[in-house]
Amino acid sequence: MSSCRRAKAEEYEDIIDFINYVFSQNECPHDFKKILPKLYVDGKNYAEYHYLITEAGKIKALVCAMPISYQVGKSSLKACCIGMVSVHPYARSMGYMKELMKYVIEEVKSQGCQYIFLGGQRQRYEYFGFEPSGTKVEFTVTKTNIRHCYKELDISSVRLVPLTEEALLHRAYSLYEAQGNKALREKEDFYDILCSWQGKPYAVLLGAEFAGYLCLSQEGAVTELLLEHKENYPYVLKGLFSFTGAESHSFQAGPLEIDKMNFLMQMAEAFQIITCENYLILDWKAVLQAYLEAKAATETLAEGSVILGIGEDVWELTIKENTPFVRTTEKEPDLTFTALEATALLFSCPGEFKLAQYGNKLNRDKRSCIKSWFPLPLTALSNDCC
């Protein structure tokens with residue numbers, strides 16, 4: 001007989017062996033101690049983040065539900081990232097994952113998480129209430145862009161060194177912590193997080209001075225880039241191309257990384273706006289409030305009020321003197337969405353185009369509010385995902 005349960009500490013090595021086996025069967029060989037050290041490096045034990053179905057003492061299905069909190073302006077949101085969704089090859093088509101995912105979602109709800117996100121095939125997770133959403137911008141910068149834009153720029157003082165020295169790691173963590181919008185990371189986990197998905201973190205030095213840090217994926221994508229001064233972006237990018245010798249690098253920016261986005265927009269060869277993950281919003285009031293406040297901190301939002309029906313709930317959103325308020329109401333909704341529709345329309349740039357169609361029946365003031373407020377800047381860095 002099988003049942004869903006949380007893993008025990010003594011099962012940690014069995015968990016790692018199981019996911020290595022399942023993912024190696026599906027794709028290329030996997031070693032999650034190297035691929036995802038923030039969860040599986042020797043010396044740590046995060047068995048409690050894992051949920052299992054076992055039979056006769058053997059794992060048949062597994063889900064990792066990693067808690068992660070976000071600082072969004074002056075608000076803190078409690079989230080959960082789901083990963084390692086896996087079923088033993090000989091136990092597929094038995095309904096294990098459907099049963100386990102439902103169990104995990106209820107467990108995460110009971111722990112007070114306000115939203116959940118995961119990667120993976122869209123329709124597979126729509127059954128559980130997840131919808132592709134969030135926004136980030138991916139820029140492609142080529143060696144030719146660098147040559148044309150910064151041909152005369154002297155980068156003799158720029159150095160990239162592995163981010164292993166304690167003093168440099170401390171500076172990098174302090175720089176990360178100084179951001180107003182971020183996933184909350186413990187200092188002792190910071191380096192392992194930067195090494196997620198076999199990434200390599202580097203400190204950026206200008207002469208002998210610390211200027212920032214960046215992370216390079218195996219494919220040459222810059223998964224994270226933070227600098228103390230935005231004026232140093234040209235030096236760092238030209239220095240990066242000199243260091244790697246690559247023909248191109250991709251960079252990602254979240255919607256609240258204004259300085260990075262403004263710089264890359266001016267010189268990148270191309271860019272694309274993409275969704276981040278599949279999201280399930282559990283606490284609409286908290287999530288709407290936090291991201292409206294975050295957006296209001298970067299621009300002046302149109303004043304007014306709009307009432308949104310989302311699933312079985314109705315929310316009144318009001319902006320007054322650029323201060324957002326979200327509250328429940330019994331008033332008639334101006335617009336009504338399913339939870340899936342609202343997740344896509346309110347938090348993603350592609351959703352913005354469709355949202356305009358929903359707003360056709362609204363008066364001009366409410367249409368202005370919809371256009372000004374959405375999409376909200378929900379995002380997730382790959383280093384924070386599992």
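Using θ = phi - 60° in the Karplus curve 6.51 cos²θ - 1.76 cosθ + 1.60, the 3J(HN,Hα) couplings for the range 139-145 round to 9, 10, 10, 10, 4, 5, 4 Hz; x is entered for Gly and Pro. When the charge dipole of the range 148-300 is built from unit charges on Cβ atoms (+1 for Lys and Arg, -1 for Asp and Glu) and taken about the Cα centre, the candidate among H170, A211, A253 whose Cα reaches farthest toward its positive end is A253. Taking all protein chains into account, the per residue accessible area for the range 294-386 stands at 49 Å² (1.4 Å probe). Accessible surface area normalised per residue over the range 11-91 is 41 Å², counting heavy atoms of protein chains with a 1.4 Å rolling probe. Its alpha carbons considered, the range 235-297 gives a radius of gyration followed by a Dmax of 16.4, 48 Å.
Taking the Cα centre of the chain as origin and assigning +1 to Lys and Arg Cβ atoms and -1 to Asp and Glu Cβ atoms, the resulting dipole is close to 560 debye. The convex hull defined by the C-alpha atoms of the range 197-308 has an orientation-averaged projected area of 9.9 nm². For the chain, with all protein chains in place and a probe radius of 1.4 Å, 49% of the accessible heavy-atom surface sits on carbon or sulfur.
Against the empirical 2.2 N^0.38 Å (N residues), the range 114-177 has a Cα radius of gyration ratio of 1.90.
Cross-link pairs exceeding 23 Å between alpha carbons, from the set K109/K366; K295/K371; K38/K58; K295/K361: K109/K366; K38/K58; K295/K361. Computed over the alpha carbons of the range 16-93, Rg followed by Dmax gives 14.6, 49 Å. The coefficient of translational diffusion for the range 303-386, derived via Stokes-Einstein from the alpha carbon Kirkwood radius under 4 °C and 1.567 mPa s, stands at 96 µm²/s.
Between the alpha-carbon centres of the range 283-299 and the range 317-386 there is a gap of 10 Å. Within the P(r) computed for the range 136-229, what percentage of the Cα pairs occupies the region above 22 Å? The proportion of pairs with Cα distances above 22 Å equals 32 percent.
For the chain, the equivalent ellipsoid derived from the Cα gyration tensor has semi-axes of 34, 32, 18 Å, listed largest first. Using the alpha-carbon positions of the range 1-155, Rg (one decimal) and Dmax (whole number) come out as 19.5, 71 Å.
Using alpha carbons only, how many angstrom separate the centre of the range 18-78 from the centre of the range 201-262? The range 18-78 and the range 201-262 have Cα centres separated by 29 Å.
The values are calculated or read from the model by the stated rules, or taken from the named source; none is laboratory data. As the structure is a computational prediction, the values presented were derived from the model and not from experiment. A quick note on method: Cβ atoms are made from the backbone with ideal geometry, for glycine too, and the neighbour counts reach across all protein chains shown. Just so you know, the surface numbers come from the protein's heavy atoms only, side chains and all, with ligands and any DNA or RNA stripped out. Shrake-Rupley method; radii C 1.70, N 1.55, O 1.52, S 1.80 Å.
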